[in-house]
1. If you line up the long axis of helix 60-72 against the longest principal axis of the chain, both from Cα atoms, how many degrees apart are they, to the nearest 10?
2. Would you kindly calculate the mean projected area, averaged across all directions, of the convex hull enclosing the Cα atoms of the chain, in square nanometres?
3. Please label the shape of the stretch 1-63 as rounded, prolate or oblate, based on the square roots a ≥ b ≥ c of the eigenvalues of the alpha-carbon gyration tensor (a/c under 1.5 means rounded; beyond that, a/b larger than b/c means prolate, else oblate).
4. If you count the DSSP beta bridges with both ends in the chain, what percent of them are antiparallel, to the nearest 5?
5. For the stretch 113-286, what is the largest minus smallest coordinate of the Cα atoms on each principal axis, given in angstrom and ordered from greatest to least?
6. Only counting other Cβ atoms within 10 Å, I'd like 242, 124, 157 sorted with the fewest neighbours first.
7. Calculate the FRET efficiency for residue 387 and residue 181 from the Cβ-Cβ distance with a Förster distance of 45 Å, rounded to the nearest 0.05.
8. Can you give the relative contact order of the stretch 331-370 as a percent, counting alpha carbon pairs under 8 Å and 6+ residues apart?
Amino acid sequence: MSAEYWIWLQQVLGYGNEAVSRVILTYGTAKDFYQAPDSEKIAKCRLSKQQADRLHTIPRKVIYKIMEDAAKSGINIITPEDSLYPERLRNIPDPPAVLYVKGSRFDFNGIPAVAIVGPRKVSHYGEKCAYTIANTLAACGFCVVSGGALGGDSSAHRGAIAADGYTIGVLGSGIESDYLKVNAELRENIAKYGCLVSEYPPFVGATRGSFPKRNRIMSGLCNGVVIVEGAKDSGTMITARHAEEQGKDVFVIPGSPSLRQYEGSNQLIADGARPLLHINDIIEEYAFLYPDKIHEPQFMTVDEDCADVNNTTEAVNDTKRPDVGILSETAVRVLEVFEKSDDTFVPDYAVDITGFDAGSILGAVTELEICGFIEAVPGGRYRLTYNVN
């Protein structure tokens, strides 16, 4: 059974180590690496002293205990030799030697996938954006990937689940670990609508270093990554860096320059990431790659209220006003101004009336567009997607 050799290799090299790529490139399989002379594999795969010392210190019973725990918990063990192993992960610098996967659906290959990430202490606006984007993308046929954590991650998973969509939770601990008990029910739902993924054996707990390593898998599984919010020193920025290094598309929701939670996000945009101004920015980016998987949405799905995102001028007048309960207070105030304006309007119009700074107005406009309340028209102007009369 090849899995035991990959588990042994994982224990020898450690988690998130680039030596895994060198082993695969040089030997192809963990078993061939295992059977090679020590001096050869140490030299060819550039093992550290600690890794070399572990070549003969991993007890066989440890490996079998991991396999036994996985079997008892209904966890599948997927290695680079398996056809289910995600093709996108083969191309990252430090692919996992083993993936532990639990759930009802393991579609890793040939599907459009987008990671949605935000901080644990996400703002109300960021929380709603994560939910709405995930909900709409899942309804369109995308797989929504996130980290199973509190805040933005939880909102993204819940948005996908509400659309009966496919979602993957990439964990920074073993799947059966008791880390973050408060999200135990959410993890169960993720497994029901998709799957939980970890490179850590079932009962391994979380550590400070396990989450940055987890993030590379989260971005690696996807075509692109959506950054909801991110301070300069946040874990969200680590995911963004992994995505850039892996050649993934990075979409960023812009925010007010005066708010700390957007310092990192806005810097990503300044460095070349794509500002996410409308959900269709993502859908249209991948529709031609997956013509049989992605379908254009007729409606933006937000809770039970929908707003047509493909409106013609005639259709706008018949569209129901979405529920403002999903909006931040700033966005509601700006929307009220827009509802009293002419047929189309420019965002600057709201600065003088509300007293908000330009950055806050920009954030509110982005929120309103993503949530389906307004849409862009030529000339840098916007219009409502519904009739206020």
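Please treat every number below as a calculation from the coordinates, not as lab data. Computed from a predicted model, the values in this text were never measured in an experiment. Glycine also receives a Cβ, built like all others from the backbone with ideal geometry; neighbour counts cover every protein chain displayed.
1. For 60-72 against the chain, the angle is about 40 degrees.
2. It is 19.8 nm².
3. rounded
4. 45
5. That gives 41, 33, 30 Å along the principal axes, largest extent first.
6. 124, 242, 157
7. Rounded to the nearest 0.05, the efficiency is 0.45.
8. Relative contact order here is 48 percent.
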